[in-house]
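These notes are about the structure you will find just below.
The values are calculated or read from the model by the stated rules, or taken from the named source; none is laboratory data. What you see is a predicted model; the values in this text were computed from it and never measured. As a convention, Cβ positions derive from the backbone with ideal geometry for all residues, glycine included, and neighbour counts pool all protein chains shown. Just so you know, the surface numbers come from the protein's heavy atoms only, side chains and all, with ligands and any DNA or RNA stripped out. Shrake-Rupley method; radii C 1.70, N 1.55, O 1.52, S 1.80 Å.
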Amino acid sequence: MTVRDYFENAYKIDQRINSKIERIQAYESLATNISSTISGMPGSGNRNIHKMENLLVKVADLQNEVQDELEQLIDMKVEITHLINKLENREQQLILEQRYLCMKTWEQIAVDLGYNARHIRRLRDKSIEILEKVEAASDEVEQKQCIIYEFGLDQYTEENKYGKIFCILI
């Protein structure tokens, strides 16, 4: 999964959580509107009880789903924070934080920073491109460390067009 996909996935999870919270509120509103109708006719009082019970079950199920997705989102936000902190440019960090941690729209971010939304998205694209390069380099270093560890080496040499490069594990 690319950095962009990871960030966008977190944004979509946040939107899904908000949607479920709205549904919970709608169900709770319905539950408060269900009441017994009093009339002279004998009838079964169980009908409204079952409706209420079904709504409460739906609310509980949605609350559990929201809790699970919130835990996942929190973990993702911690990872996103670590990624964003790898950027040196504070403005790029701020844009990504506003979008993927505070979940603001591009228009809100543009207004806050005094730019147009198109410029903000260009800065986002550049920031994510940088992060993807950093992550790719990090993956390459991890692979070399695995080679060193796997073969019990204290150093690893690699040859490129400029000659040999020594990589020493610290």
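For the reader, a short list of remarks on this structure follows.
- R0 of 25 Å, Cβ-Cβ distance Arg122-Ile13: FRET efficiency to nearest 0.05: 0.50
- Solvent exposure, largest accessible area first (probe 1.4 Å, DNA, RNA and ligands not counted), of Val59, Val134: Val134, Val59
- Computed from backbone phi, the HN-Hα couplings of the stretch 118-135 come to 5, 5, 4, 5, 5, 5, 4, 4, 5, 5, 5, 4, 4, 5, 5, 5, 4, 5 Hz, rounded to whole numbers (Karplus: 6.51 cos²θ - 1.76 cosθ + 1.60, θ = phi - 60°; Gly and Pro given as x).
- Exposure ranking of Tyr27, Tyr11, Tyr115, Tyr100 by accessible area [1.4 Å probe, largest first]: Tyr115, Tyr27, Tyr11, Tyr100
- In this structure, Asp5 and His50 have a Cβ-Cβ separation that, at R0 = 45 Å, corresponds to a calculated FRET efficiency of about 0.55.
- FRET efficiency estimate (nearest 0.05) - Cβ-Cβ, Ile74 to Arg23, R0 22 angstrom: 0.55
- With a threshold of 29 Å on the Cα-Cα distance, the over-threshold entries among Lys20/Lys77; Lys12/Lys126; Lys12/Lys51 are Lys12/Lys51.
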